[in-house]
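To start, the structure itself, in structure tokens.
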Amino acid sequence: MKMKTNKYLTMAAAALMMAACSSEDVPQVDSVTNTPIRIHAMVAELESRAGIDGNTDFSQFYLSVTNSSNSNYSYSNVQVTKSGSGWEPASPMYWQNSTTDVTVTAATFSLNGAQDLAVQTNQSTEAKVIASDHLYMAATLQSYAEVKNGEEVTKATGAINVNFSHIMSKVNLTITLADEFDGTENPISDVTFQGTVARRNYNAGTWTDIDGVTATDIKAYAVGYTKPTATYEVILVPQQVAANGFAVQFQIDGRLFKWTSADAVTLESGKQYTLALTAGDEKVSGASFSSTAWGDGVNNNVATE
């Protein structure tokens with residue numbers, strides 16, 4: 001009887017060992033593996049009307065997702081298109097798991113190497129200003145869970161956050177008229193910025209000149225007029241302009257006025273500038289030129305996923 005009991009105990013122990021080995025051999029699958037990546041896009045708020053803001057709808061952008069631990073979950077320069085109230089990639093993208101970080105880059109232009117970016121030389125309409133406003137998101141680490149410093153980041157589950165920034169330069173121009181101009185309608189016309197190139201090469205935050213591209217006149221967008229001050233906006237390519245090169249020219253009742261900066265001017269990426277001029281007695285005077293970050297406000301959703 002004792003031998004029979006030992007036999008049963010031995011068989012039971014062997015069965016337990018086999019079960020244990022079997023459970024160890026079965027890989028544990030993360031429930032997030034191969035879950036489609038969703039996309040949540042935002043753009044920094046503007047403090048004035050022209051350019052892309054929370055009320056402006058752009059229809060597509062490009063997205064790259066790099067997974068350094070598994071290239072099967074990396075995606076390069078995928079076109080993302082507006083679909084209803086959300087965004088749809090041209091080809092499916094998936095999460096590897098719930099914890100692995102991926103590096104995300106996005107732009108409203110192709111991410112395949114260096115790109116020539118240009119502004120419209122005639123920005124007299126809001127649509128042309130918007131067409132000049134290129135957006136970019138530098139490489140950021142993200143994950144499905146997206147936990148930073150022990151606190152979960154607010155976002156839709158399983159979505160990549162695309163938080164765009166403006167990479168061009170923007171100038172807000174005010175022209176205050178002297179008492180000699182007493183009409184109720186804005187008498188100013190043909191406001192143009194001079195001395196800047198309209199096209200340069202951009203590659204992941206770095207701007208370089210393009211051979212053969214020279215300075216050209218760029219017509220500004222008229223925002224409004226409240227006597228005696230007219231307001232204009234223009235988007236320019238980031239660049240440096242030598243002393244006596246950066247200028248603003250306009251006409252008042254057929255008379256030509258021009259202001260030229262005696263100092264060199266640096267137009268930085270992602271900055272907006274305020275230029276204040278006073279016009280009267282056949283001359284332009286009282287210029288002041290200052291800069292702030294473009295989009296100091298909160299982020300507005302362009303669309304939800």
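The values are calculated or read from the model by the stated rules, or taken from the named source; none is laboratory data. Just so you know, these numbers come straight off a predicted model, no measurement behind them. Note that we place each Cβ from the backbone using ideal geometry, even for glycine, and neighbour counts take in every protein chain shown. Surface accessibility is based on the protein's heavy atoms, side chains included, excluding ligands, DNA and RNA. Shrake-Rupley method; radii C 1.70, N 1.55, O 1.52, S 1.80 Å.
Would you check if GLY245 is open to solvent by 10 Å² or more (accessible area, probe 1.4 Å) and in contact with a His (Cβ under 6 Å, 6 or more places away or on another chain)? For GLY245, the condition - open to solvent by 10 Å² or more (accessible area, probe 1.4 Å) and in contact with a His (Cβ under 6 Å, 6 or more places away or on another chain) - is not met. The conditions of being open to solvent by less than 30 Å² (accessible area, probe 1.4 Å), within 17 Å of the chain's Cα centre (by Cα), of a type in the set (Gly, Ala, Ser) and under 26 Å from GLU126 (Cβ atoms) are not met by SER165. If you scan segment 243-254, which residues turn out to be assigned to a strand (DSSP E or B) and farther than 23 Å from SER269 by Cβ? Selection gives GLN249, PHE250, GLN251, ILE252. Scanning segment 104-118 for residues that are surrounded by fewer than 15 Cβ atoms within 10 Å (Cβ to Cβ) and of a type in the set (Gly, Ala, Ser) yields SER110, GLY113, ALA114.
If you take the residues of segment 273-294 that are closer than 16 Å to VAL241 by Cα and not aliphatic (A, V, I, L, M), which of them is least open to solvent (accessible area, probe 1.4 Å)? By that ranking, first place goes to TYR273. The set of residues in segment 115-133 that are modelled with pLDDT of 95 or more and farther than 13 Å from ILE218 by Cβ comprises GLN115, ASP116, LEU117. For the criterion of being modelled with pLDDT under 95 and out of contact with any helix residue (DSSP H, G or I) (no Cβ under 8 Å at 6 or more places or on another chain), THR231 fails.
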